[in-house]
Each structure stands twice: as C-alpha cells, then as structure tokens.
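Data first, discussion second: the structure below is written as structure tokens.
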Protein chains: 2
Amino acid sequence: MSTLTTWLEETLCTLNLTKTMDVPNGFTRLSFTNEEKSAHHAFQRVARELGLSVYEDEVCNQWAVWEVDPSAPTIAIGSHLDTVDNGGGYDGVAGVLSALGAVKMLKDQNFQPTKNIAVVCFVSEESARFGVSTIGSKAISSKLNKEEIADVTDRDGITIKQAMEDFGVNWQTLDNVTLPVQKLESFLELHIEQSTQLVEQNADIGIINGVACPVRLKVHVKGMANHTGTTPMHNRQDAFVSIAPLVNFVQEEALKANETATSPLVATVSTMQLKPNAMNVIPGEIELGIDIRSVDDDLKRQFAKTIETFCKEIETKQDVTISITTLVDNDSVALDPIIQGKLQEACKTVGLSAHEMDSGAGHDVMNMASKWPSGLIFIRCKDGVSHHPDEYAAIEDIEKGTTVFATYLQQQTSKA
Amino acid sequence: MSTLTTWLEETLCTLNLTKTMDVPNGFTRLSFTNEEKSAHHAFQRVARELGLSVYEDEVCNQWAVWEVDPSAPTIAIGSHLDTVDNGGGYDGVAGVLSALGAVKMLKDQNFQPTKNIAVVCFVSEESARFGVSTIGSKAISSKLNKEEIADVTDRDGITIKQAMEDFGVNWQTLDNVTLPVQKLESFLELHIEQSTQLVEQNADIGIINGVACPVRLKVHVKGMANHTGTTPMHNRQDAFVSIAPLVNFVQEEALKANETATSPLVATVSTMQLKPNAMNVIPGEIELGIDIRSVDDDLKRQFAKTIETFCKEIETKQDVTISITTLVDNDSVALDPIIQGKLQEACKTVGLSAHEMDSGAGHDVMNMASKWPSGLIFIRCKDGVSHHPDEYAAIEDIEKGTTVFATYLQQQTSKA
C-alpha cells in the first residue's frame, strides 16, 4: 500500500474524529455544533502538518493556504465537514480530504506552484439542522442575507443567530466575510456521487455540467384536535387524514413526470411535524416539508404548482386550512465549461475515465460558481447510498479524485 | 349568583392554576410534571379549606377525606388534574371540582353523613406524555405492573420510572399503594361528555353503562434513508410513501365499520415519528401510533387485525419492513347497574333529566370498576370539543353535576 493510500485512510478517520470508519450509527456533526467545531480543529491540525497557514474567516469557514506569492492568483479547493443526523463519513469529508491529499502529493513531489493554493473547509453545508444549506459558501460569495435567516430555529428552538454566535461568529461583523472576486481565481470541489451513474457508465470520475438546486415547500395544514375516543368518525377535522394522500401524490406525479422529462426530477415529502402527536388526540395540525429538484428549472417549478393545486383540492373537499410557503427556490447552476475541459485533461493524463453528468444534490460549489469559475467532480460511492450510516467510498476512489486534483493543480500552476 | 356558583367558578380557576379560564393556548399539565404537582397542591389547599384531611398515597394520588367513623364504609369520588398538551381546563378538573363541591354543599347544609366520604385526585390519567393512561387509578386497583412500564420514555427520552421518582414516588415501595377492597365501598366519577349526545338528547346528565377501552397499536416501518436529490424516484425505499395510505385506510375502514356495527367504533392514526425528519433525506423509518375504540371488544380487535393485514400487503408490495406492537388491549368495562339506578334517582330528586349512554373515552373509573362498584356521570361540554384549548363546560352544568353528587351522597349516607 502506498504512503498516500495510508495517509488518506488515516486522515479520513482524523477528519471524522474516529479511529475506524466502521461505525454502526454513522456520524452526526450538525451545523454549528461542538461536533462540527471538533472536525474543524482536526482539519487545522492536518493542514498545519502539511505546512499550510491556517485561518478562520468571519463565518468560521476554515482556510489552509499554500502561499507562494501574495500577488499571484489563488485557486481554492475544498468542501465541508458537517453531516446530517446519522450520516456517512464521506459526504463533504471526501472533498476536504482529497484537497488536502492533492497538496500533500504536490509537496511530496517538491512541486513549486506558480499560484497560491487554498484548501477551504466550508462551515454548515447541510440543511439538516436549520433547513438552510451551504451557509459558509453562501457567506463568502455574497449570497447570505443574515437577517433573513437569523430567527430560523432548529428542533430545540435554537435560532441560527444563537447557534452561530455560540460557534464563535461575531454577528455584527459577519457581513465582512464576503470575499472580493479578485481574491480567488477559481474554485474546485470533489464530492461522492450519491448515486450510481458512475458504476453504470463504468467511469472513474464524474465531471459535472450543472447542479440541480431545489425548490423547497413547507405545507401547513390546520384541522381540529379532539379526543380520539369521543369524536365520531364522520365528525372530524383530522389534519393527518386530509393531507396523507399528498405523500403518495408527490411520489406518483414525480414518477409520471420522469416518463417524458429530458432532465430527471426528484420530489420527496421528507419532513413532518404532527401536533399534538399524542395517542388520544386527533391530529389537529401538520407541517410537511417537500424537496423538489431538477436541473430543468421550469419542470421543478411546474411541479411545485401541481402540489399547490392538489392542496387546494384537499382544502375544497375537506374541512381543513392549508397554507404553502416556498422556503427555497433557486435557479440551477451551470458550471464553468473551461474548467470542465481542464478536468477532462487531468483525467486523461492519469488514465482515468471521465463521465459528464449533472448533480442532483446541491453543493458549496453552486454558490462559488456565482462568483468564480468553478468545477465539481464526483467519485463513486457504494450503491449510491448517502446521508446514511452505510454511506461508503473506497479509499481507491478517493485516491483517484485526489490524483485528478493534484494533476489539475500541477497543470494549471506549472511554470510556463 | 349563588355562593356555590361563585365558589365553583373560583375553585375551577384555582385547580387550573389560573385567574381566568379564557386562556388562548389552553392548559398543559402533563403527567408527573411540576405543573401536575402544582395542581395537586392547589387541590390540597381547597380540600383543607373544606375541613378535609389530606394525604398522598404511594403513587402520589391525592386523597381528601371527610372521616365520620373509621369503622364506617367509605365512598370515594373524584377524577384527575393532569391534561394533554394544550388541553382544556375541564377534562378531569370538572370531576375533582364537583366532588369537592358536593362535599361543600353537604357541609354548608350541616349534613352529617353516616359513611366516610373521600375525594380523590388521581395522578397521571392522560396518556399524552408516555402513551400510558390512568396510572394513579391503575395503581390502587392492582392493575399497574410497574416493571412493564418502567422504561417507557416520553418525547425527551425520560423514562416513566425517572419521572415518577422525580415526582416523589418511591419506586421500591410503589406496590404498597394497592388499596385493599374493604377500604372503599364504591367509587363515583363525573366527567365532561367530550361529545354532543347530551345536547342532541336534550338531557342534563349522562349516566354511563359502559366504558370503551382502547386497543393501541404501534406500527414501525423501516425503509432506507437516502439523499433526496440524488436518489432516482424508481429506486427508493421511502418509509413515508409506503405507509401513508394506512392513514386513510384507517379512516375509511372505520367509517365503513360504523355502517353496520351496533356499537360505534372510532380509530385514529394519532402519533407519528419520522426519521431522520430532515429536508434533504428520504424518510428511512416511521413509527405510527393507532388508537381504536368501541365497547364492542370483538369489533375493535377485528379492526386491529384488518390493519395488520393491510400492513402485510404493503410489506409484500413495497421494499419496507413493518412490525406491529400492541401497546394496550383492554376489555371494555361495564359499570355497576345498582349505582346507575341510584344516580337516576338522584337526578330525579333534583329535577334533572338523565340519559343512559356509553363512554367512548377511558377514565379512571374503568380501573376502579374492576375492584369496587362504580359509577360515572357526564355533563355537557360545548360542541363536544375536548383535549383542545376550546374545551368548555358551563358553570351551570358543573353545578348540575355537583348537585347530583351531593344528592346521591345524601341519599346513600343518611341515617336510616
């Protein structure tokens, strides 16, 4: 086993704050928690061992810089270390690891880049805690409206503002985090595929054309809570009974849409709060969260409208009130074609097969792409499983991604 | 306004720990919480003002006794003071209040009973916190298996054992609470109707023949959590999609059963926990709670079997695993016909119209009836609404119930 393989294996565990990746309940490092903070500290230690200068910006993104010349352009490369509840140890981590690994490869070869290389570890990429994603990359790319999210709460009623302040963010000076466009030349990210196209296409590396950004809806249903034992069946305003058909409607309509669509669409009723959620009380209120994605923005917005129409029909037929809020509605993001070409070239140089594709998931790169030419590559992950303890990417696949990055950096930062 | 009316109005507020019953969010006094404890203290103060001797038994039921002769029989009468989340201030409270009010009426008349009268305030009647109901009355009537419930947890993971110990229960000596049969002669409870039959029948007082006890099922569904953005629609094991049709099945089958049944049946999917309940993760696991009631025990058990069959069909068709646990399955309870006759007599004496009926909700009386001759009366409540901030019973209706109790006690404890 090569030194790089061993280093990747060990550093994967280090960044995951673990001694083995075989953890039955997976990893839980929610946004702006002590667990995310500990992972950031691990990142700092690894970066310092590689001889990088480490600093934290105003939103608590971690930066580890190989500075060769303050006046030279900087290529940034990285991902995040936070996870969903009981998630895997590769989503985000593989991207940070391969960025650090690429720096290690170049340093081990005594390569002298002509540009600065900055490895970045973005804070709070996952929306699992607050329903708001990619906070760190939004902040530096001028896409974060702090007042808009300040009062959003987690399950325990803690606001984003509170959680960020507890994490070390100075709320007053937070907006200073915005990074001037000239500070970076470009941005690269690696991520596990979270699907199975690479295996199906017999490809090593996915080179991403576009990122499908979600439309997210919150559906609030108000019926009437009442005693389960004394309220006759024909005399109820059961919020759960009225809205349950929506769950299957979303699934069936999405399947139907995919029969004719050119770009795939996915839609999921993924969250639900039942009130009062007590054994002897008829559900009086429900809040559902729906996540809809496609690189075809018209298709996903049309789908959201279909859901609205269905809810209106329920309201007409049943004695409940339904209100729908759009939490998120972002255009899908096209990535930089020139960088895609250079990534193709890097793959070719090291003899890896590349497959062009779209990303069904949002990543930090979608914010970075709004300000800097950006690229995203995928590596294989087992059975496409992600956000689950069974999430797994082989160390050889992480090594392949690392090699592509090292080669890209070498090709783009060599002396002419 | 009579002195009694004023006293009932004031004491209603006292027992609800409030200055006005007009509280927009209702009352939340969950089992074995500080809120329930405070209500118990209010009960003790009111009882002492009436000259009753107050004590607490081993499960923290509150007793307030008018002892005329230690060797005379004792008639117990009472209900509970805990509530569901955001419940009303009458469910339970009206029963405790009318029992205290009846004692006040007799004392105000300088009546000398020949038997002891004990007003009881049972602890933890509602199942809202732990899914286990009527803990206090179960305990004294030898129906509580403490080991069976010890590890049941609330939403915050606190066990019943822990909550009871924090409330002041000595777990080691808890079983001593069992009350020998000779300690009481009979038991009476008053409750708000939680339905609208009394209004429909133009009756003042409901006299209950039987109490429908529930079958309660927990349905656990295991699918596969995965990323909402990257997992194609045709390749999912969405636990929510697979089980959502059960919610409507339960509603529709219950409606159907009532078309032919002699005793009504009610069935509700009343609780649900979604895992991981995150916007970008497909639901991997769900737990549903189902509450089924009818005084026709065969009907309700047959209904539970129908649900099982439906779940088996889902399991066969979809890639999920479903397990069903029966949390509760108790026979319905017939109340004492002699006491029903005496309650009829008391109603007649004071010129109130009585209506014979069954109870769709369980009450403490159902446990007491297994050991002592027991009776239950209903008073009207507005629109049948209960377990909701809008729950309301007019003070005149509470006064009617109080008068029936006072008359009953007078008739049953007068010198021959």
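Rule-based calculations on the coordinates, nothing more; no lab input. These numbers come from a predicted model, not from an experiment. Methodologically, a virtual Cβ is constructed for each residue, glycine included, from the backbone with ideal geometry; neighbour enumeration extends over all protein chains shown.
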Might you report the magnitude of the Cβ-based charge dipole of the stretch B:112-151 about its Cα centre, with Lys and Arg at +1 and Asp and Glu at -1, to the nearest 20 debye? 240
For residue A:415, give me every one of the lysines with a C-alpha distance below 30 angstrom, ignoring sequence neighbours fewer than eight places off in its own chain. A:104, A:107, A:115, A:183, A:342, A:348, A:371, A:400
Return the distance in nm (one decimal) between the two label points of a simple spin-label model at residue A:56 and residue B:53, each offset 7 Å from Cα along Cα→Cβ. 6.6
Evaluate the relative contact order of the stretch A:264-329 (contact order divided by residue number), counting alpha-carbon pairs under 8 angstrom at least 6 apart; express in whole percent. 26
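For residue B:370 and residue B:45, what is the calculated FRET efficiency with R₀ set at 22 Å and r taken between the beta-carbons, to the nearest 0.05? All intermediate terms of the calculation are to be shown ahead of the outcome.
Working: r = 32 Å, r/R0 = 1.44.
The calculated FRET efficiency here is 0.10.
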So for chain A, averaging the separation of alpha carbon pairs under 8 Å that are six or more residues apart and normalising by length, what relative contact order in percent results? 23
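Could you size up the charge dipole of the stretch B:1-45 around its Cα centre, putting +1 on the beta carbon of Lys and Arg and -1 on that of Asp and Glu, and report it in debye to the nearest 20?
On the way: 4 positive and 5 negative charges, 30 e Å.
That gives the stretch B:1-45 a dipole magnitude of about 140 debye.
Using the Kyte-Doolittle scale, find the helices of chain B whose mean hydropathy is at least -1.0 and whose Cα atoms extend 30 Å or more along the helix's long axis, counting only whole DSSP H runs. Please report the intermediate quantities before stating the final value.
Numbers: long enough: B:239-260 (33 Å, 0.43); B:297-317 (31 Å, -0.98).
Helix filter hits for chain B: B:239-260, B:297-317.
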Place the label 7 angstrom along Cα→C-beta at residue B:165 and in each other copy, then list the distances from the first to the rest in nm, shortest first. 3.7
In Å, what Kirkwood hydrodynamic radius results for the stretch A:172-297 from the alpha-carbon pair distances? 19.0
Using distinct alpha-carbon pairs, which all enter the 1/r mean, Kirkwood radius of the stretch A:257-316 in Å: 13.5
Going 7 Å from the Cα of residue B:325 in the Cα-to-Cβ direction, what parts of the stretch B:268-293 have a backbone nitrogen less than 14 Å from that spot? B:273, B:286-290
Per 0.36 nm of contour for each residue apart, how much would the distance between residue A:172 and residue A:220 grow if the chain were fully extended, relative to their Cα-Cα spacing? 13.9 nm
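With the cut-off at 1.5 for a/c, could you classify chain A from its C-alpha gyration tensor as rounded, prolate or oblate? Walk me through the numbers before you get to the answer.
Values: a/c = 2.07, a/b = 1.79, b/c = 1.16.
Verdict is prolate for chain A.
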Residue (of B:262, B:8, B:99) at the positive-pole extreme of chain B, dipole from beta-carbon charges: B:99
Chain A - mean residue ellipticity at 222 nm from DSSP helices (-39,500 (n - 2.57) per run, n ≥ 4, rounded to 500): -11000 deg cm²/dmol
Along the charge dipole of chain B, pointing to its positive end and built from +1/-1 on Cβ of Lys, Arg, Asp and Glu, which listed residue (B:214, B:182, B:240) has its Cα farthest out? B:182
Using label points projected 7 Å from each Cα along Cα→Cβ, tell me how many nm separate residue A:313 and residue B:255, to one decimal. 1.6
Give the lysines whose C-alpha is closer than 24 Å to that of residue B:275, dropping any in the same chain fewer than 8 places away, or say none. A:218, A:222, A:275, A:382, B:218, B:222, B:312, B:317
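Could you line up A:96, A:177, A:169 from fewest to most neighbouring Cβ atoms inside 10 Å?
Values: A:96 30, A:177 20, A:169 24.
So the residues, fewest neighbours to most, are A:177, A:169, A:96.
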Calculate, for residue B:350 and residue A:390, the FRET efficiency according to 1/(1 + (r/R0)^6) with r their C-beta to C-beta distance and R0 51 Å; round to the nearest 0.05. 0.15
Taking each residue of A:124-131 in turn, how many C-beta atoms of other protein chains fall within 10 Å of its C-beta, and what is the average? 2
Can you give me the distance in nm between label points at residue A:72 and residue B:416, each placed 7 Å from the Cα along the Cα-to-Cβ direction? 11.3
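Counting pairwise Cα distances across the stretch A:247-361, what percent come out greater than 26 angstrom? Can you show the working numbers first?
Details: 2661 of 6555 pairs.
It works out to 41 percent of all Cα pairs.
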The stretch A:215-329: relative contact order in percent, alpha carbon pairs under 8 Å with at least 6 residues between: 44
Residue separation between residue B:147 and residue B:183 times 0.36 nm, minus their alpha-carbon distance, gives in nm 10.4 nm
Per 5 Å bin from zero, what fraction in whole % of the C-alpha pairs of the stretch A:1-93 is there, up to the bin with the longest pair? 3, 12, 20, 24, 18, 12, 7, 2, 1, 0
Based on alpha-carbon centroids, what's the gap between the stretch A:345-401 and the stretch B:12-85 in Å, whole number please? 64
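Could you size up the charge dipole of the stretch A:215-329 around its Cα centre, putting +1 on the beta carbon of Lys and Arg and -1 on that of Asp and Glu, and report it in debye to the nearest 20?
240
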Which aspartates and glutamates does residue A:19 reach when only Cα atoms under 12 Å apart count, and residues fewer than 8 places away in its own chain are ignored? A:9, A:10
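Two-decimal Rg/Rh of the protein assembly as shown from alpha-carbon positions, Kirkwood Rh?
Values: Rg = 32.7 Å, Rh = 29.9 Å.
Looking at the protein assembly as shown, the ratio lands at 1.09.
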